[in-house]
Amino acid sequence: MKIAMIGTGYVGLVSGVCFSDFGHEVICVDKDVDKIARLERGEVPIFEPGLDELLSRNIGAGRLSFTRDLERALEGVQAVFIAVGTPTRRGDGHADLSYVMSAAEEIARAAPQGVVVVTKSTVPVGTNRRVAETIRATNPELDFDVASNPEFLREGAAIDDFMRPDRVVVGVENERAGQVMADIYKPLFLRDFPIVTTDLESAEMIKYAANAFLATKITFINEVAALCEKVGADVKEVAKGIGLDGRIGNKFLHAGPGCGGSCFPKDTKALARMGQEHASSMQIVETVIKVNEETKRRMIDKLLDLCNGSFNGKTVAVLGVTFKPNTDDMRDAPSLTLVPALVGGGAKVRMCDPQGRHEGEALLPGVAWCDDAYAAAQDADLLVILTEWNEFRALDLTRLARGMARPRIADLRNIYEPEIALCAGFDAYTGVGRVLSNDVAIAPVQTAVA
């Protein structure tokens, strides 16, 4: 099949590349001149493991191309995917659909007869019908169908998620659109991956409900972690104990400094707003949003405690600024809350992140950047682990502690066992939802990873 993909952001680029690897002819469209030029040279503008190799292979095979010319891209296509941004609109929590509707108008003017217009972007319930109305109003003569095909890609594991999905969700209104979508995803169907075909509204709601539920799990375990610190329990043991229950599952039960990224904060706000508009309050989701922000602020208090109540004049090393490992994405990352609090409190902050520096230099002014954790920690008063990159999971804690002015560590991802950090020479350890054993003898030992 011939497919056009409008938008070469995270979702559009990953989807377009993977569709071409299925064997489809894919042309990706974007208005960004520099981005298209880079993609035509085989350069990937985002960090996603394995994407550069997959992109190069399919360009070389002649199945994948890039253009700024939407009219040319739509020639002879059976399906056109809308994969543009839907950021949170300032002031009201709505998803901003201006890019989606603009794409719909442009499609209406240039699409061939019989095309299926597929919304890949995350959009509120009812948006696909609005897309259809916009296309009809712009070009009443066009014969087309609409389909909803939400994405469920984890940054850092997007290719595997696309190629080996838990499920593919497709919302359609008729058999013709359903057949086109079945043909597009036939390579997955033949390998027995579940294809859930439903109506437009249900497909749109599945995306929001899934992300809201996952955000709820993260926020729940972070609240449990706060209580664990008060009562003397260990949140890692609690998460293990409840995660073995098949009704609960062990994923998204890792306590930390709050969730961020391009999906959970945006989608929970949009779902809460939808509930308000339809007089069906999403009280759990609204609480998740509130508690997640409180969790980030609670981390600041942990750092203050380790700095004896003041950041002023302290040197703080922060390991990790992206919202999760294996991505360069900093949208709503906890670092955007914690680091400004450190700088604003008078701390000298040194940062280290394998992929976050490019965005971090623009978003986090007033900090110094280091190439590795040991340089960042040299003569520091506090070491903060904020993102659980693999590079930070097997550090020589003894070396780190010896190089610091005051060896104190805030392990906000619970990578290391408290006792091991203390044995390595740290004077103080703070995790999230963790307590120290009263009967552990502190003696020099080799660094070990939890």
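The values are calculated or read from the model by the stated rules, or taken from the named source; none is laboratory data. All values reported here derive from a predicted model rather than from experimental measurement. Using ideal geometry, Cβ is built from the backbone for each residue, glycine included, and neighbour counts are taken over all protein chains shown. The protein model used for the area step is the full one, side chains on, heavy atoms only, and it has no ligands, DNA or RNA in it. Shrake-Rupley method; radii C 1.70, N 1.55, O 1.52, S 1.80 Å.
Remarks
- Qualifying residue in segment 137-144 (condition: among the hydroxyl-bearing types (Ser, Thr, Tyr) and under 14 Å from residue 19 (Cβ atoms)): no
- Any pair with Cβ under 7 angstrom, 6 or more apart, that starts in segment 281-302 at a residue that is within 19 Å of residue 93 (Cβ to Cβ) and ends at one that is of a type in the set (Asp, Glu) and open to solvent by 70 Å² or more (accessible area, probe 1.4 Å): 291/223
The rows are residues; the columns are (1) in contact with a helix residue (DSSP H, G or I) (Cβ under 9 Å, 6 or more places away or on another chain); (2) without any contact (Cβ under 8 Å) to a residue 24 or more places away in the chain; (3) more than 21 Å from residue 107 (Cβ to Cβ).
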residue: 143; (1), (2), (3): no, no, no
residue: 148; (1), (2), (3): yes, no, no
residue: 151; (1), (2), (3): yes, no, no
residue: 157; (1), (2), (3): no, no, yes
residue: 162; (1), (2), (3): yes, no, yes
residue: 180; (1), (2), (3): no, no, no
residue: 196; (1), (2), (3): yes, no, yes
residue: 199; (1), (2), (3): no, no, yes
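- Of the residues making up segment 269-295, just one is β-branched (Val, Ile, Thr) and either in contact with a Leu (Cβ under 8 Å, 6 or more places away or on another chain) or modelled with pLDDT under 95 (or both), namely 285.
- Restricting segment 327-370 to residues that are out of contact with any Pro (no Cβ under 9 Å at 6 or more places or on another chain), within 24 Å of residue 390 (Cβ to Cβ) and part of a helix (DSSP H, G or I), the residue that is most open to solvent (accessible area, probe 1.4 Å) is 358.
- Positions within segment 96-121 being assigned to a helix (DSSP H, G or I) and aliphatic (A, V, I, L, M), in sequence order: 100, 101, 103, 104, 107, 108, 110
- Within segment 118-145, considering residues that are over 27 Å from the mean Cα position of the chain (by Cα) and open to solvent by less than 10 Å² (accessible area, probe 1.4 Å), the one nearest to residue 206 (Cα to Cα): 132
- Number of positions in segment 43-93 that are open to solvent by less than 30 Å² (accessible area, probe 1.4 Å) and assigned to a helix (DSSP H, G or I): 6
- Counting only residues that are of a type in the set (A, V, I, L, M, F, W, C) and within 27 Å of the chain's Cα centre (by Cα), segment 370-421 holds 15 of them.
- A Cβ distance below 9 Å, combined with a sequence gap of six or more or placement on separate chains, defines the contacts here; from segment 1-16, residues that are closer than 20 Å to residue 98 by Cα reach residues that are surrounded by fewer than 24 Cβ atoms within 10 Å (Cβ to Cβ) and among the aromatic types (Phe, Trp, Tyr) in the pairs 7/99; 8/66.
- Selection count, segment 241-258, where residues are within 30 Å of residue 436 (Cα to Cα), open to solvent by 50 Å² or more (accessible area, probe 1.4 Å) and either modelled with pLDDT under 95 or assigned to a loop (DSSP other than H, G, I, E, B) (or both): 7
- Test set (1) at pLDDT 95 or above; (2) under 25 Å from residue 164 (Cβ atoms) - residue 261 fails condition number: (1)
- Breaking point among (1) touching a residue at least 40 places away in the same chain (Cβ under 8 Å); (2) open to solvent by less than 60 Å² (accessible area, probe 1.4 Å), for residue 273: (2)
- Count - residues of segment 296-336 that are under 18 Å from the mean Cα position of the chain (by Cα) and among the polar types (S, T, N, Q): 4
- Residues in segment 294-307 that are open to solvent by 50 Å² or more (accessible area, probe 1.4 Å) and out of contact with any Pro (no Cβ under 9 Å at 6 or more places or on another chain): 294, 297, 301, 305.
- Residue within segment 122-137 that is in contact with a Gly (Cβ under 9 Å, 6 or more places away or on another chain) and part of a loop (DSSP other than H, G, I, E, B) present: no
- Residue count, segment 371-394 (criterion: assigned to a loop (DSSP other than H, G, I, E, B), under 21 Å from residue 155 (Cα atoms) and touching a strand residue (DSSP E or B) at 6+ places or on another chain (Cβ under 8 Å)): 3
- Among the residues making up segment 231-240, those that are surrounded by 13 or more Cβ atoms within 10 Å (Cβ to Cβ) and either at positive phi or part of a helix (DSSP H, G or I) (or both) are 235, 236, 238, 239.
- The condition of being touching a helix residue (DSSP H, G or I) at 6+ places or on another chain (Cβ under 8 Å), open to solvent by 10 Å² or more (accessible area, probe 1.4 Å) and within 25 Å of residue 400 (Cα to Cα) holds for only one of 281, 310, that being 310.
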